[in-house]
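First the structure, in the form of structure tokens, and then the observations on it.
Rule-based calculations on the coordinates, nothing more; no lab input. Here the structure is a predicted model, which is why all the values come from computation and not from measurement. Note: ideal-geometry Cβ built from the backbone for every residue, glycine included; neighbour counts use all protein chains shown.
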Amino acid sequence: MNNLVVYIDLIFLANLVIDGILLALTAWMRRVKPRWWRLVLSSVVGALYVVMMFVPQLSFLYTFLIKFGLSLIMLWIAFGFASLQSYLRHLGAFYMVNFAAAGGIIGFHYLVQNSGELFSGIWYTTSGGLSFELKVGFWFACITFFVVVFAFKAVQTTKRKTENRETLLGDVSVWIGSTKISCVGLLDTGNQLSDPLTRTPVMVMEAALWEAYLPQGWSKQLMEGEPDKLIMGLGAEEFDWQDRLRLVPYRGVNRGAAFMLALKPDMVRIELGGLEYVSSKVLIGLDGGTLSGDRAYRAIIHPALTEGEGTPKVHAGIAQEEALQQNTESSLVESGEAKTAG
């Protein structure tokens, strides 16, 4: 007869740590910060329940209702009871974390298991049913648990960053005369780039969006830097938007003062959060590189362009077209007067 040795203290400590991690991960998902002693006390209750399984007289505790009731008590100890809605959300997050961890352990176990071990745990019952036995080692379960938890947290962190970023993404449209350039822009609340003389805000866009309208080779040269040399070398080269060019000084990260080539548009429209913002006092800074590695956005929106009350999309379309028409007509009149004077 083989003797079975069970280390109760080791099982208690392992479950204490696991319950603590699961509760902490639940708090992180719910974006709450409970007191540390609440998490410890709740973990102790969960670990003690696991130890009770080795007491034959307490086998009646291992039923669905008791287990579910224990989870309610653990959550009440860890997070309190602010409201029923908040409590149910804690409960849903707690079970989602538990199921993700358990599913990850089982999935990884079958992934590394060979066919002989897999079929040795499957048998048919006398009634014709199919049953299987799952044996997962203690240390394997512990190590896999930490791997699954960290992977789960990494996925959730990436998802949360994506969701937060999407709330700051908006549709950007820029008009210069009859030319319209559209892309997705990211609202950067820390962006304070503006023309130091006129205090005009600068919205940065990828120069590649304007490549068809810029002199040949400008996009490549903007990537290499020194945009001031582009204007100095423009000379007699014909460029319809030459009078719209500006040089905006700025100080980049870990570098000295530099210049950014910018264009003066007739109008810019930004659709963000169900509202539209229209502005004509803005400069379009041209960046020779790629603003987003995953191409999620191609412009950096200056926060000053979304200040004030925006216009609902339903009512903004007509006003926008009228403003664009007025700006275009004004530009044509000014161009005609300049040619006459010439």
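Summary table
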quantity: Formal net charge of residues neighbouring A101 (Cβ-Cβ distance under 13 Å; K, R +1; D, E -1); calculated: 0
quantity: Pairs beyond 32 Å (Cα-Cα), from K161/K229; K220/K264; K159/K264; K220/K281; calculated: K161/K229; K159/K264
quantity: Share antiparallel - DSSP beta bridges, the range 168-310, percent rounded to 5; calculated: 80 percent
quantity: Estimated inter-spin distance, L84 and Q57, nm [label 7 Å along Cα→Cβ]; calculated: 3.9 nm
quantity: Under 15 Å, Cβ to Cβ, from G46 - net charge with Lys/Arg +1 and Asp/Glu -1; calculated: +1
quantity: Amide proton proximity set for D188, modelled H, under 5 Å, gap of 5+; calculated: I301
quantity: For the range 10-17, 3J(HN,Hα) per residue [Karplus equation, 6.51 cos²θ - 1.76 cosθ + 1.60, θ = phi - 60°, Hz, x = Gly/Pro]; calculated: 5, 5, 4, 5, 4, 5, 4, 5
quantity: Förster radius 30 Å - calculated FRET efficiency between R295 and Q216 (Cβ-Cβ, nearest 0.05); calculated: 0.80
quantity: Karplus-derived 3J(HN,Hα), 6.51/-1.76/1.60, for each residue of the range 69-81, Hz, glycine and proline x; calculated: x, 5, 4, 5, 5, 4, 5, 5, 5, 6, 10, x, 9
quantity: Cα centre as origin, Lys/Arg/Asp/Glu Cβ charges: the range 168-310 dipole, Debye; calculated: 260 debye
quantity: Mean Cβ count within 10 Å, highest first, over the residues of peptides 19-29, 49-59; calculated: 19-29, 49-59
quantity: Most to least packed among 90-98, 152-160, 242-250 [average Cβ atoms within 10 Å]; calculated: 90-98, 242-250, 152-160
